[in-house]
Every structure is written in structure tokens, then in C-alpha cells.
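The values are calculated or read from the model by the stated rules, or taken from the named source; none is laboratory data. What you are looking at is a predicted structure, and each value in this text was computed from that prediction instead of being measured. Cβ atoms come from the backbone with ideal geometry, glycine included; neighbour counts cover every protein chain shown. SASA here: full protein model, heavy atoms, side chains in, ligands and nucleic acids out. Shrake-Rupley method; radii C 1.70, N 1.55, O 1.52, S 1.80 Å.
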Amino acid sequence: DGPIDTDYEHTTVTVLDNETGEELGQVEAAIADTRSKRYLGLSATDHLPENRGMLFVHSFSDEHLYVMRNMSFGIDIVFIDADGTITTIHEAPKPGPDENGNDQTYPGEGQYVLEVNKGWMADRGVEVGDRVDFEL
């Protein structure tokens, strides 16, 4: 199980095409808004159900470095600026059998970071510049 099923608050995250405003997809995300929740991330999670994820909330927009520490599956790591615009999308593979994931680093700039199953963004045609809508 892990953070997805515990006492985290959740929010619905909607991804919208920047040009048309069309909804590209929606995920139910656990909110990681403390240092310990952000550090743990999804590393204690065995797998993510379809259309589930985690939304990391930082106090302000900045450069952040995310790692695949102790991850058991691949994810998309999506950086989002303060106004909801996607700035970077990384497809991060699951760490190899003899790796802990600490060497897999993914930099980006934003106030929010959304993690979903690897390929979720590409499957829906989500691109840098598209928008993300949610309530905290």
C-alpha cells in the first residue's frame, strides 16, 4: 500500500491542453506537502493504480531535484510552475535490479511536482506548456 492509501489528503488533478482547454486526463493524487512526505514520496508504494498519483507541494517555485530512491516502478515526473503550467516532463524508468535509484536524478523548476505511472503523460498527449488544475 503506502502513502496512496494512508491519511494523506487527496486532490483531483486535471490536465488541460494549453491551446484548446480540452481535458487531457485526470488523476486522484495524494498530497505530499511536508518535508517528510516529500522525502518519502512514492518509495514505499508497490504500484500505482491507473489514474492515481502524488502531488508534491513546495512553498514556492524553485529548482528541485527528484530521485528514484527505492522506487519499485517507473513514473512520469512532471514539474509545474506556480500558475499551473507544466515546465518539464521526465519519464523515469524503474531502477535496475542492483540499483537503489539514488543515481537517477531528474531536475526541474516549479512549485509543484506531479508523479504518475510512466507513460501516462505521453499516452494522453500531454506536453510542456499544457496546464494543470487542482485545489489544495
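List of remarks:
- Heavy-atom accessible area per residue - segment 73-136, 1.4 Å, Å²: 47
- Rounded to the nearest 5, the antiparallel percentage of DSSP beta bridges internal to segment 1-92 is 70%.
- Count Lys and Arg as plus one, Asp and Glu as minus one, and take only other residues whose Cβ is under 9 Å from that of residue 18; the net charge is then -3.
- Segment 59-136: relative contact order in percent, alpha carbon pairs under 8 Å with at least 6 residues between: 40
- Length gained on full extension, residue 28 to residue 133, computed as 0.36 nm times the residue gap minus the Cα-Cα distance: 36.6 nm.
- Stokes-Einstein D (µm²/s) once Rh is taken as the Kirkwood radius of the chain over alpha-carbon pairs, at 10 °C in 1.306 mPa s: 108
- For segment 120-133, 3J(HN,Hα) per residue [Karplus equation, 6.51 cos²θ - 1.76 cosθ + 1.60, θ = phi - 60°, Hz, x = Gly/Pro]: 4, 5, 5, 4, 9, x, 6, 10, 4, x, 5, 10, 10, 10
- Loop sites by DSSP among the GluC sites (Glu not before Pro) of the chain, restricted to those with at most 16 other Cβ atoms within 10 angstrom, leave 51-98 as the longest stretch without any of them.
- For the chain, relative contact order (Cα pairs under 8 Å, six or more residues apart, normalised by length) works out to 29 percent.
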